[in-house]
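Below is one structure, written out as structure tokens; the observations come after it.
We did not get these values from a lab; they are worked out from the coordinates using the rules stated. This is a predicted model, so every value here is computed, not measured. Every residue, glycine as well, gets a Cβ built from its backbone with ideal geometry; the counts of neighbours run over all protein chains shown.
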Amino acid sequence: MYFGDVFTPFNFMLLLVGTIGGLILGATPGLSPTMAVALLIPFTFKLEPAQGLILLGAAYTSTVAGGAVSAILLKIPGAPANIATTLDGHTMAKNGQGAKALQLSFLSSAVGGVFGVLLLIFLTPMLAQWALAFGPSELFWLAILGVTVIGSLDSSSVVKGLLSGCIGLWLATIGFDDIMGAQRFIFHPSIAGGINVIPALIGLFAIPQVITMFAKGRRKLEAEVIKVEKHPIKDAFTEVFRRSRALTIGTLTGSIIGLIPGVGGQIAGLVAYDQSKKLSPERDKFGTGHSEGVIAAESANNAMVGPSLVPLLTLSIPGSPTAAVLLGGLLIHGIFPGSDLFDNHPDVAWTFINSMLIGQILMCVFGLYVAGLAARVAQVPNAVMAAVVLGLAVFGSYSVQNSMGDVYIMMALGTGMFALERFGFSAAPLVLGLILGPIAEANFIQGSMIANATSSVGHYFFTGTLNLVLISIVIASVGYSVWMELRSKRYTTKEDVIAQEETAT
Amino acid sequence: MNGLPRTQHIMASGVVAAIGVWVAYISYTQQPEGAFLFPRIISTVFACLAIWTFGKAILGKTKVGNGLSFEATRNILPGLVVAFVFVFWAAKSLGFYTASTIVFFILLSLYDPAPHNQPKTWIKRGIISIGFLAVMYSLFALLLNVFTPKEILF
């Protein structure tokens with residue numbers, strides 16, 4: 001369905017640009033997939049919705065895979081999703097198997113990625129129809145679920161994660177109230193119209209990274225690109241399918257983890273690596289440059305890409321920061337995900353999904369050729385990268401409404417987020433709060449009106465199977481995270497990675 | 001947790017707690033009541049969590065967040081000042097492309113590890129900055145044809 005639309009010359013060119021650009025951006029340490037997609041949104045304003053999504057989807061897919069290049073050749077993961085790849089990939093490169101590690105990485109990424117997108121293709125239409133059963137109370141709880149799950153699972157501290165979510169929800173209420181037109185929390189004229197999501201996203205993801213680059217000072221990048229010898233691609237194909245256990249574990253783990261809102265690619269990679277190690281008869285070889293380690297980690301982090309979009313495309317609930325950015329990309333074109341997307345804009349939905357499938361294959365083909373260039377780009381000095389990102393952030397936030405007010409908001413939020421991140425707060429729940437806040441509020445008000453006319457607010461929001469299931473998931477995710485925090489057995493989060501990097505330097 | 005991060009944690013969580021309490025106060029005192037119904041719910045949770053975090057910081061029980069070291073602050077400040085001048089004044093007053101190029105050159109000079117006392121370094125920085133201007137202008141003005149802040153220059 002709408003498969004041919006991907007292959008129109010302009011759409012295919014966008015797919016190529018997104019894929020190759022994403023591979024290069026992904027290899028650049030500090031440019032996460034979320035930030036890359038956020039900075040690309042302004043470039044989609046003049047495109048048709050499907051074309052814009054093709055560009056963003058291709059960039060998302062290939063930045064995750066591109067991160068493996070710097071992980072393997074520089075021992076610096078391009079994104080948190082590639083942390084597990086570093087463990088065996090870099091050792092392979094040091095042992096003179098850099099080309100093989102890169103080939104295994106892209107091939108297993110493609111296998112995992114294609115499986116993940118197929119899952120997206122089969123699950124999304126089914127769930128989108130099921131979403132029609134959701135009334136205001138269920139949608140309210142779903143929005144709250146999105147914020148609490150990501151707040152509790154994606155942060156080093158549950159309380160600070162939830163607090164970040166609350167800050168996001170509060171920011172979403174700034175401006176004029178939709179129903180009564182009352183002014184709320186307008187303490188500066190530039191926020192009278194509320195906080196525009198796109199400048200906020202750019203600021204929250206790009207500016208902290210720019211300031212982090214400043215924090216490194218005039219330090220020279222010590223890592224050197226390891227030279228790679230030629231390696232026959234046929235042998236890499238054989239190796240990937242010979243290691244089918246690692247490939248299967250990685251693909252399935254990534255797909256399942258991708259479906260859970262709030263759980264990112266770094267967790268998919270690390271869990272898949274860990275499981276492959278436990279189930280492998282050659283577990284002693286893990287960490288010494290074993291191909292299974294690379295295959296498991298890379299198939300997992302790309303397999304999660306497709307399923308991570310299922311909650312967004314079916315229920316309008318972005319399950320990850322990158323999905324939140326993609327939601328912003330949809331909303332600026334006046335398209336709402338869910339059944340509306342599939343019923344009223346099937347061309348947009350299916351062209352986007354199909355392009356992600358083709359993008360996985362293009363990413364594999366071009367990844368092998370672009371790897372050398374990407375590794376060189378990854379060595380671009382911090383100063384250049386910081387200035388480029390700052391310029392793009394200003395341009396991106398200005399171009400939304402041609403307003404300097406948006407630029408000021410972007411900078412203020414970004415600087416504030418940098419400060420908050422230094423004290424254990426997290427951007428992801430804040431962003432989800434900002435995006436889901438209006439959805440939660442609109443459904444809360446609508447639900448309250450229905451409740452006042454029929455029963456009581458408590459009865460309306462706290463009874464019914466779906467409501468109870470959603471409330472249970474909210475409680476379970478928070479409870480699980482608290483329990484894990486008390487046992488000090490939390491998985492690696494972005495803050496942990498920053499802390500490890502600081503300890504290492 | 002040593003002294004500096006603890007003090008910083010108290011200050012940071014104190015600011016967040018103050019904002020939380022202010023948001024809750026506004027939510028419960030402003031009219032019309034209906035417009036502040038949802039903010040009341042979230043501000044209550046916001047204020048409670050923020051006060052909890054502040055209390056933990058005072059007791060020195062904060063477990064996450066490394067704060068800002070003196071060295072990091074010293075490195076950040078010049079770049080941040082330049083970024084603020086760019087965003088809040090230069091981009092609008094001088095024009096986006098002019099301001100971006102000047103800021104690019106200044107940031108490169110501030111953070112580039114190459115030695116400052118060699119003419120070659122400055123020539124390289126100048127060429128990179130002009131290249132940056134050329135790429136930005138070609139991309140935004142010529143290819144995408146989008147609006148950028150314009151004032152006395154371009």
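Residue separation of A:Ile471 and A:Asp235 scaled by 0.36 nm, minus their Cα-Cα distance, works out to 79.9 nm of gained length. Each Lys or Arg adds one and each Asp or Glu subtracts one; over the other residues with Cβ under 13 Å from the Cβ of A:Ile179, this totals -3. Tell me whether the range B:3-58 comes out rounded, prolate or oblate; compute the Cα gyration tensor, take square roots of the eigenvalues as a ≥ b ≥ c, and use a/c under 1.5 as the rounded threshold. Note, shape of the range B:3-58 comes out prolate. Here is how the number arises for chain B: DSSP H runs of 4 or more residues each give -39500 (n - 2.57), the sum is divided by the residue count, and the result at 222 nm is -22000 deg cm²/dmol.
Angle of helix A:404-422 to the longest C-alpha principal axis of chain A, folded into 0 to 90 degrees and rounded to 10: 70°. Between the range B:50-109 and the range A:1-67, the alpha-carbon centres lie 29 Å apart. Neighbouring Cβ atoms from other chains, within 10 Å of the Cβ of residues in A:422-431, number 4 on average.
Taken along the Cα-to-beta-carbon direction at a fixed 7 Å, the label points for B:Glu71 and B:Phe88 span 2.9 nm.
In a fully extended conformation the segment linking A:Lys278 and A:Tyr369 would gain 29.4 nm over its present Cα-Cα distance, using 0.36 nm per residue.
Each Cα pair of the range A:414-469 feeds into the Kirkwood radius, which the Stokes-Einstein equation turns, at 25 °C and 0.890 mPa s, into a diffusion coefficient of 179 µm²/s. Once the Cα atoms are used to define both axes, helix A:136-153 deviates from the longest principal axis of chain A by about 40 degrees. Here the calculated FRET efficiency for A:Met484 and B:Leu143, from their Cβ-Cβ distance with R0 = 41 Å, stands at 0.25, rounded to the nearest 0.05.
Which FRET efficiency value, to the nearest 0.05, is calculated for A:Lys46 and A:Asp340 with the Förster distance at 25 angstrom and r the Cβ-Cβ distance? Step by step, r from the Cβ atoms, then E = 0.60.
Note on the range A:171-199 and the range A:91-155: Cα centroid distance 33 Å, given to the nearest whole angstrom. Which of the three applies to the range A:111-242, rounded, prolate or oblate, going by the alpha-carbon gyration tensor with a ≥ b ≥ c and a/c under 1.5 meaning rounded? It comes out oblate by the Cα gyration axes.
Once C-alpha pairs closer than 8 Å and six or more residues apart are averaged by separation and normalised to the residue number of chain B, the relative contact order reads 22 percent. Basic side chains Lys and Arg get +1 at the Cβ, acidic Asp and Glu get -1 at the Cβ, and with that the dipole of chain A about its Cα centre reaches some 1360 debye. For chain A, the relative contact order comes to 30 percent (Cα pairs under 8 Å, sequence separation of at least 6).
When the listed pairs A:Lys160/B:Lys63; A:Lys75/A:Lys278; A:Lys278/B:Lys63; A:Lys100/A:Lys234 are checked against a 21 Å cut-off, the alpha-carbon distance exceeds it for A:Lys75/A:Lys278; A:Lys278/B:Lys63.
Neighbour counts of other Cβ atoms within 10 Å put A:Glu292, A:Glu48 in the fewest-to-most order A:Glu48, A:Glu292. Once C-alpha pairs closer than 8 Å and six or more residues apart are averaged by separation and normalised to the residue number of the range A:1-109, the relative contact order reads 26 percent.
Can you classify the range B:71-143 as rounded, prolate or oblate using the Cα gyration tensor, where a ≥ b ≥ c are the square roots of its eigenvalues, rounded means a/c under 1.5, and otherwise it's prolate if a/b beats b/c and oblate if not? Oblate, since a/c reaches 1.5 and b/c is not below a/b. Simple spin-label estimate for B:Ala114 and A:Gln183 gives 5.2 nm between the two label positions (7 Å along the Cα-to-Cβ direction from each Cα). Angle check, please: helix A:465-486 long axis (alpha carbons) against the longest principal axis of chain A (alpha carbons), in degrees 0 to 90, nearest 10. Orientation of helix A:465-486: about 50 degrees from the principal axis.
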